[in-house]
Amino acid sequence: MNGTRHEEFREYVAERGNVLLRAATQLTSDRAEAEDLLQAALAKTYLAWDRIEDPAAVDGYVRRAMVNTQISWWRRRKLDVYPTDQIPDRPVDDHTGRSEMRDALGRALRRLPERQRLAVMLRYYEDMSEREIAEALGVSVGTVKSTVSRAMAKLRDDDALDDQR
């Protein structure tokens, strides 16, 4: 890989790393494992960087590499787990509260008007700046700020989310 392409890859990772880490965390539900998964996917992407012609396809390539790597890790791990008659005396974390909160948040986001939902998702899920969101939506930065502000106020006032806290 020439120096220019190497620099392009480095800039891509610096710009999109946080968003990709969130996607990896959703796949693994563990921050340390997500970091390992993202690192493995980025290594595969680096090796294929010269073959990726469309810059818009890079996120999809990395996400697919994360999914494929995670599946490989699950398969490998499955061989390490053997059934037994003895039940371990270790407590198991109950993640139902976290799952219920995620479901409630998804429902609350769906109740927002489309423009507010889109602005919140771009701001907090895709980690885009207000300027980037304004360019993507074709509106002013002030409109983005007020739209996100109104959406967050609605989410704060949502009774269904209060029940989950």
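Over segment 107-165, with a single point scatterer placed on each C-alpha, what log10 of the ratio I(q)/I(0) does the Debye formula yield at q = 0.15 1/Å?
-0.42
Quick one: compute the contact order of the chain, relative version, from alpha carbon pairs under 8 angstrom and 6+ residues apart, as a percent. Write down the numbers at each step before the final one.
Details: 94 pairs, mean separation 31.0, N = 165.
Dividing the mean separation by the residue count of the chain yields 19 percent.
For Ala43 and Thr96 in the same chain, what is the full-extension length gain: residue separation times 0.36 nm, less their Cα-Cα distance, in nm? Walk me through the numbers before you get to the answer.
Details: separation 53, 0.36 × 53 = 19.08 nm, distance 3.40 nm.
Extending this stretch completely gives an extra 15.7 nm.
Could you tell me the largest-minus-smallest coordinate of the C-alpha atoms of the chain on each of the three principal axes, in descending order and whole angstroms?
59, 54, 19
Return the sequence-ordered ³J(HN,Hα) values of segment 12-19 in whole Hz as given by the Karplus equation 6.51 cos²θ - 1.76 cosθ + 1.60 applied to θ = phi - 60°, using x for Gly and Pro.
4, 5, 5, 6, 10, x, 5, 5
For the chain, which whole percent of the accessible surface, found with a 1.4 angstrom probe, sits on carbon and sulfur atoms? All intermediate terms of the calculation are to be shown ahead of the outcome.
Values: 5900 of 11630 Å².
With neighbouring chains kept in place, the figure for the chain is 51 percent.
Rounded to whole Hz and in sequence order, give me ³J(HN,Hα) for segment 42-52 from the Karplus expression 6.51 cos²θ - 1.76 cosθ + 1.60, θ = phi - 60°, writing x for Gly and Pro.
Going residue by residue, I get 5, 5, 5, 5, 4, 5, 9, 4, 5, 8, 7 Hz, with x marking Gly and Pro.
Once you have a ≥ b ≥ c as the square roots of the Cα gyration tensor eigenvalues for segment 1-84, tell me rounded if a/c is under 1.5, and otherwise prolate or oblate according to whether a/b is larger than b/c. Walk me through the intermediate numbers first.
Values: a/c = 2.75, a/b = 2.08, b/c = 1.32.
Prolate.
Could you compute the net charge surrounding Leu20? Neighbours are other residues with a C-beta less than 9 Å from the C-beta of Leu20; K and R count +1, D and E count -1.
Numbers: positive: Arg16, Arg22, Arg63; negative: Asp59.
Around Leu20, the charge tally is +2.
For the chain, what is the accessible area per residue in Å², given a 1.4 Å probe and the full set of protein chains?
Values: 11630 Å² over 165 residues.
Accessible area per residue: 70 Å².
The values are calculated or read from the model by the stated rules, or taken from the named source; none is laboratory data. These figures come from a predicted structure and were not determined experimentally. Cβ sites come from the backbone with ideal geometry, for glycine too, and all protein chains shown count toward neighbours. All accessible areas refer to the heavy atoms of the entire protein, side chains included, with ligands and DNA or RNA removed. Shrake-Rupley method; radii C 1.70, N 1.55, O 1.52, S 1.80 Å.
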